[in-house]
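A.B. asks: Can you keep this structure in mind? I'll have questions shortly.
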Amino acid sequence: APAAPSTMPAGAHPSGQRWLRRAADNGVTEAQYALLEQAWEGDRHQAYLERALPLARTLAVAAGNGKGTQRLSPDEVTLLSRCARLLAPDVAEKGGGHAVEPAELHRFWELAAAEHDRHAQLALGLWYARMQVDGKRVAGGAGSANFKKAIRWLTLAGEQGLAEAWYALSRIYIKPEFSQRNIADAQKYLERAAEMGYRDAQLECGNNAWRARRENENNDVRAVYWLQKAAAQGSEEAAAALRKIAPRSSAPAYTETGALSGCARDIAATHPLLAARLELAALFSLSRAEALLLDVKAADHGHCLVIDIRASYGRSKRRLVMIENAQERQGLDRIVRLFDNIDCGPTGPEGNYRQRLYRLRTLLDSARSGEGLDYSLAA
């Protein structure tokens, strides 16, 4: 059979593409898989199935007749897995009307899973669990779930890097009908999926941490961490939760001090710590007391600031402020370095709150004389 010219990449020229197609039509294996790869990469799923489905059926029949004792090649495994994915009920519209019986589809999954295809392992695990990735039972699923087999296949898929598999495992371990129901294991698998970037797992980790904040005060920090991850991937629910958990206040009490940061350059040479605190107030909308009393190093949690000055200012409340962009992160890093090895408490070089407040008023009155700035000593 004629083959594509060796000096020309397949598909690089119309004539090369014709030679490739002719070679595939004449049964040249390399040409067949080259065309299939082109169709897959181009999202031409109907064209893919037109060529791939007959090959997949041949492989399945050979395996069923005992002729498939020899291990499948990587290309054959990929072929079976991709056909099954396109023919699965939830994406069947991509297949352009190519219908297969459930038993045939299941056979494709079995053959590919046995050859360590992770997508096939995930599909088999979900099939044995009779559920979707989110744990909802498959509508019309026949027979009872076999969670032992489901866990085996899902674990194999997860170990090959499929975050959805770990998330599905977490759903199994919280099912009331599962005899080995274990909340701790469910949380372990949920966090593993979240760490691998699975958005639904990140959202749930964030919500779980927020609900458990009374058990551990710092759970709110953990909640913001996961919700930020989910929001960055487009979760509107996570973004809405963040607006409630860590709002950026625009009330005058939280913007007036930051507005003074323009004067910080005038006092930076003689009072660098105070100037840095004014800049911090401008970056993160801090009140006067928060800006003057915050332990900057302790407040920085990487993705957010924990504003907690209750030990020095009894009327305050602990709250979180998100670090929303690279500019804020860079500014905070610079300020944190300035406070390195500095005691931010009342016995440190900045003194107590009244001393800090007096210094702020005095220096700003001097720097902005004639502008009518009035800072009282009242708390």
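A.B. asks: Can you pull out the residues in region 230-253 that are open to solvent by less than 70 Å² (accessible area, probe 1.4 Å) and within 12 Å of Val321 (Cα to Cα)?
C.D. replies: Leu242, Ile245, Ala246, Pro247, Ser249, listed by residue number.
A.B. asks: Still on this structure, I have one more. Kindly check whether there is at least one residue in region 210-217 that is open to solvent by 40 Å² or more (accessible area, probe 1.4 Å), free of Cβ contacts under 8 Å to residues at least 12 places away in the same chain and part of a helix (DSSP H, G or I).
C.D. replies: Yes, region 210-217 contains at least one residue that is open to solvent by 40 Å² or more (accessible area, probe 1.4 Å), free of Cβ contacts under 8 Å to residues at least 12 places away in the same chain and part of a helix (DSSP H, G or I).
A.B. asks: Continuing with the same structure: Collect the residues in region 218-238 that are under 19 Å from Ala168 (Cβ atoms) and in a helix (DSSP H, G or I), keeping them in residue-number order.
C.D. replies: Once the filter is applied, which keeps residues that are under 19 Å from Ala168 (Cβ atoms) and in a helix (DSSP H, G or I), region 218-238 yields Trp226, Ala230.
A.B. asks: Okay, next question. Any residue at all in region 185-199 that's outside any helix (DSSP H, G or I), within 20 Å of Ala88 (Cβ to Cβ) and out of contact with any Pro (no Cβ under 6 Å at 6 or more places or on another chain)?
C.D. replies: yes
A.B. asks: Might you let me know whether region 327-347 holds any residue that is among the β-branched types (Val, Ile, Thr) and loosely packed, with under 14 Cβ neighbours inside 10 Å?
C.D. replies: The answer is yes, given that some residue of region 327-347 is among the β-branched types (Val, Ile, Thr) and loosely packed, with under 14 Cβ neighbours inside 10 Å.
A.B. asks: Looking at region 239-257 only, could you name the residues that are outside any loop (DSSP other than H, G, I, E, B), without any contact (Cβ under 8 Å) to a residue 40 or more places away in the chain and β-branched (Val, Ile, Thr)?
C.D. replies: The answer is Thr255, and nothing else.
A.B. asks: Here is a follow-up. Can you work out which of the residues in region 108-144 that are under 21 Å from Ala56 (Cα atoms) and more than 27 Å from the chain's Cα centre (by Cα) is surrounded by the most Cβ atoms within 10 Å (Cβ to Cβ)?
C.D. replies: If we take residues in region 108-144 being under 21 Å from Ala56 (Cα atoms) and more than 27 Å from the chain's Cα centre (by Cα), then Ala112 is surrounded by the most Cβ atoms within 10 Å (Cβ to Cβ).
A.B. asks: Scan region 295-326 for residues that are part of a loop (DSSP other than H, G, I, E, B), among the aliphatic types (A, V, I, L, M) and open to solvent by 30 Å² or more (accessible area, probe 1.4 Å) and jot them down.
C.D. replies: Ala311
A.B. asks: Suppose the filter is touching a strand residue (DSSP E or B) at 6+ places or on another chain (Cβ under 6 Å) and of a type in the set (Val, Ile, Thr); does Val224 pass it?
C.D. replies: yes
A.B. asks: Okay, moving on. Determine which single condition Leu286 fails, assuming it passes every other condition in (1) open to solvent by 20 Å² or more (accessible area, probe 1.4 Å); (2) assigned to a loop (DSSP other than H, G, I, E, B); (3) among the hydrophobic types (A, V, I, L, M, F, W, C).
C.D. replies: (1)
A.B. asks: Tally up the residues in region 145-193 that are over 21 Å from the mean Cα position of the chain (by Cα), surrounded by fewer than 18 Cβ atoms within 10 Å (Cβ to Cβ) and closer than 21 Å to Ala113 by Cα, please.
C.D. replies: Total satisfying the criteria: 4.
A.B. asks: Here's a follow-up. If you scan region 134-174, which residues turn out to be more than 15 Å from Glu204 (Cβ to Cβ), not in a helix (DSSP H, G or I) and not aliphatic (A, V, I, L, M)?
C.D. replies: Residues satisfying the conditions are Arg137, Gly140, Gly141, Gly143, Ser144, Asn146, Gln160, Gly161.
A.B. asks: Scan region 62-91 residue by residue and report those that are modelled with pLDDT of 90 or more, surrounded by fewer than 19 Cβ atoms within 10 Å (Cβ to Cβ) and assigned to a helix (DSSP H, G or I).
C.D. replies: Correct list: Pro74, Asp75.
The values are calculated or read from the model by the stated rules, or taken from the named source; none is laboratory data. Values in this document were obtained by computation on a predicted structure and should not be read as measured data. Reconstructed Cβ throughout: ideal geometry from the backbone, glycine too, with neighbour counts over all protein chains shown. In case anyone asks, the SASA skips ligands and DNA or RNA and just uses the protein heavy atoms, side chains included. Shrake-Rupley method; radii C 1.70, N 1.55, O 1.52, S 1.80 Å.
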